[in-house]
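Reading through the structure tokens given below for one structure.
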Amino acid sequence: MKEMEGTTYLDYSATTPVDPRVVEAMVPYLTERFGNPNSLYRLGREAHGALEDARERVARSINAAAASEIVFMGCGTESDNAAIFGIATANGRSSGHVVVSAFEHHAVLEPAHALSKRGFEVTELKPRTDGTVHPEDLEAVMRDDTVLVSVMHGNNEIGTLQPIAELARIAHARGAAFHSDAAQTLGKVDVDVQALGVDAMSFSGHKIYAPKGVGVLYLKRGTPFAPQMLGGGQESRRRSGTQNVAGAVAFARALEIMDEERPTEAPRLASLRDRLVEQVLARIEHARLNAAEAPERLPHIANFVIPGCEGEAMLLHLDAAGFAVATGSACSSGSLKPSHVLLSIGLPPELAHGSLRVSLGRWSAEADVDAFVDALVPIVEKLRAMNPLYEKTIAALTRGA
Amino acid sequence: MYSEKVMEHFANPRNVGVIEDADGVGEVGNPVCGDVMKITIKVADDRIHDIKFQTLGCGAAIATSSIVTEMAKGMTLADAAAITKQQVADELGGLPPAKMHCSVLATDGLKRAIDDYLVKHGREPIGGPILSEDPDFDPHEVDEECEV
């Protein structure tokens with residue numbers, strides 16, 4: 001892409017550029033068709049029609065039973081917040097048991113944490129070292145008063161897919177609602193809300209080549225829900241606020257492109273990722289792929305540990321060399337703890353500080369992967385040479401392995 | 001984020017390495033926290049004649065290590081031991097609040113190397129407490145402005 005000249009962008013799980021085809025679809029709703037979809041005159045009706053058309057297209061893509069189950073929101077985080085607070089506190093409920101996996105995005109963990117301060121009991125369910133929440137582990141923490149279970153569809157840092165259908169069945173068997181954050185999986189793998197059996201699912205526009213500032217909550221008909229945004233009663237009272245029509249149109253168009261291209265794009269990305277993993281493990285001594293034994297994973301994410309190197313230092317050197325990637329090191333988060341995701345799958349902090357996440361996307365090519373590894377090799381050598389504990393670290397690692 | 005000077009020292013750190021026949025060695029930090037620093041010094045006439053460092057850590061950890069070696073080189077032991085975290089940060093054109101603790105690590109490493117030399121020579125240490133190893137040390141509270 002022209003906009004990305006000068007940088008090899010390998011952080012598609014953080015955000016994506018807006019696809020020009022999506023821009024083309026949305027721009028008229030920013031300019032000549034700018035009407036408020038809640039107005040009765042022609043301009044309003046036009047906007048309303050576009051919004052409802054977008055809703056239907058999203059519903060069809062995820063196999064929702066009705067378009068009315070699609071609620072447009074401001075972002076993925078809002079969608080997660082709305083689901084956690086909205087379902088847990090529906091019908092005036094002020095106590096009960098909530099289960100979330102320990103490696104959820106903060107957009108789920110923080111609302112759950114807030115609930116625990118408001119009279120709810122919250123269990124953080126640990127995934128196993130394969131990066132997966134095991135159904136029998138959920139079974140073991142379910143209680144008669146469990147009201148909500150939330151487990152993400154695909155993890156944003158390590159890319160592991162969760163057995164959502166089975167987990168949802170277990171929640172339902174005990175009378176609990178089931179929510180899943182699918183910000184990372186939408187468009188990348190088949191998302192069928194009925195087959196997965198979820199009551200609520202959260203999506204984000206800017207992960208699928210639509211702009212930032214639009215998200216979706218799938219809310220199955222009949223799911224008790226207390227709206228979190230109050231006002232004019234838009235979105236059938238579930239999310240007040242004048243709808244972002246251009247954003248909704250963009251979301252629907254972006255999803256359509258993802259769906260059209262997935263049959264060729266998913267295997268292309270998976271083979272690019274495999275090429276990357278193979279090269280990193282072959283050319284960087286002691287490098288490891290995190291959650292390598294996961295039964296199922298997203299095609300575009302690879303998360304490595306490079307022992308003896310700190311993540312932010314690698315990231316900054318890579319940036320100077322023209323590559324954009326992410327790390328789970330503490331320094332990247334502004335806290336002192338490394339990624340809660342990596343810790344939750346049993347990685348010791350000293351290794352988690354040296355993690356790198358590479359996430360591929362629509363404009364990633366073989367040459368990008370090869371150039372990235374070529375750039376990473378000397379950076380790792382340089383940082384390891386500066387590390388006063390390098391020999392010790394490797395000796396401990398070799399003993400441990 | 002980082003100042004230009006931080007990025008410059010991070011990209012081209014000065015005085016990297018180990019002095020094999022060092023007069024003083026200071027090692028601070030912990031890989032569990034992600035930062036480890038080792039300073040080796042050569043002393044002549046109670047001055048830091050030569051100094052080298054090795055650091056495992058983030059951009060700020062490497063930049064503060066680099067600048068502290070530059071500041072200390074040629075100083076008397078007393079002056080070098082008195083370098084404060086704020087002076088290190090100021091010399092780098094400032095550090096983001098969440099990274100101020102990295103400058104503590106750099107001054108701690110230097111103080112420990114100086115004290116190692118003094119104690120080896122039967123003299124009193126002058127570095128004072130190692131801040132980063134105080135059990136009450138909260139890296140996010142080292143500075144008044146450090147509200148995270």
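Only the coordinates and a few stated rules stand behind these numbers; no lab work does. Remember, predicted model here, so these are calculated numbers, not experimental data. Please note: Cβ atoms are built from the backbone with ideal geometry, for glycine as well, and neighbour counts cover all protein chains shown.
Some points to look at:
- Backbone N atoms of the stretch A:169-184 closer than 19 Å to the 7 Å Cα→Cβ label point of A:Asp192 belong to residues A:169-170, A:180, A:182.
- Length gained on full extension, A:Leu43 to A:Thr15: 6.9 nm, using 0.36 nm per residue less the C-alpha separation.
- Isotropically averaged projected area of the stretch A:121-188, using the convex hull of Cα atoms (one quarter of hull area), nm²: 4.6
- Among A:Arg262, A:Arg283, A:Arg57: highest mean-square fluctuation, GNM of chain A, C-alpha pairs under 10 Å: A:Arg283
- When only Cα pairs below 8 angstrom with a gap of at least 6 residues are kept, chain A shows a relative contact order of 21 percent.
- Kirkwood analysis of the Cα pair distances in the stretch A:253-346 returns a hydrodynamic radius of 15.3 Å.
- Within the protein assembly as shown, antiparallel bridges make up roughly 65 percent of the DSSP beta bridges whose residues both belong there.
- The equivalent ellipsoid that matches the C-alpha gyration tensor of the stretch A:2-112 spans semi-axes of 31, 25, 12 angstrom, in descending order.
- Entry note: the stretch B:17-148 has Rg to Rh equal to 0.95, where both radii use alpha-carbon atoms and Rh is the Kirkwood radius.
- Tilt relative to chain B, helix B:59-72 - C-alpha long axis, 0 to 90 degrees, to 10: 40
- Dividing the summed helix terms, -39500 (n - 2.57) for each DSSP H run of n ≥ 4, by the number of residues in the protein assembly as shown produces a 222 nm estimate of -12500 deg cm²/dmol to the nearest 500.
- Taking A:Ser94, A:Ser180, B:Ser132 and counting other C-beta atoms within 10 Å, the order from fewest to most: A:Ser94, B:Ser132, A:Ser180
- Cα coordinate range in the stretch A:75-153, projected on the principal axes (Å, largest first): 37, 32, 18
- Label separation (A:Ser95 vs A:Glu32): 6.1 nm, computed from points 7 Å beyond Cα along the C-beta direction.
- Rounded to 10°, Cα long-axis angle of helix A:42-61 versus longest principal axis of chain A: 50
- A:Glu296 paired with A:Ser236, simple spin-label distance in nm, labels 7 Å along Cα-to-beta-carbon: 2.8
- Degrees, to the nearest 10: A:366-386 long Cα axis against longest axis of chain A: 50
- Residues A:Glu78, A:Glu124, sorted so that the one with the fewest Cβ neighbours within 10 Å comes first: A:Glu124, A:Glu78
- Cα pair distances exceeding 32 angstrom across the protein assembly as shown, given as percent: 51
- Counting other Cβ atoms within 10 Å as a rough exposure proxy, the listed residues A:Thr31, B:Thr55, B:Thr69 run A:Thr31, B:Thr69, B:Thr55 from fewest neighbours to most.
- Of the three principal axes defined by the Cα atoms of the stretch A:198-354, the extents in descending order read 58, 39, 34 Å.
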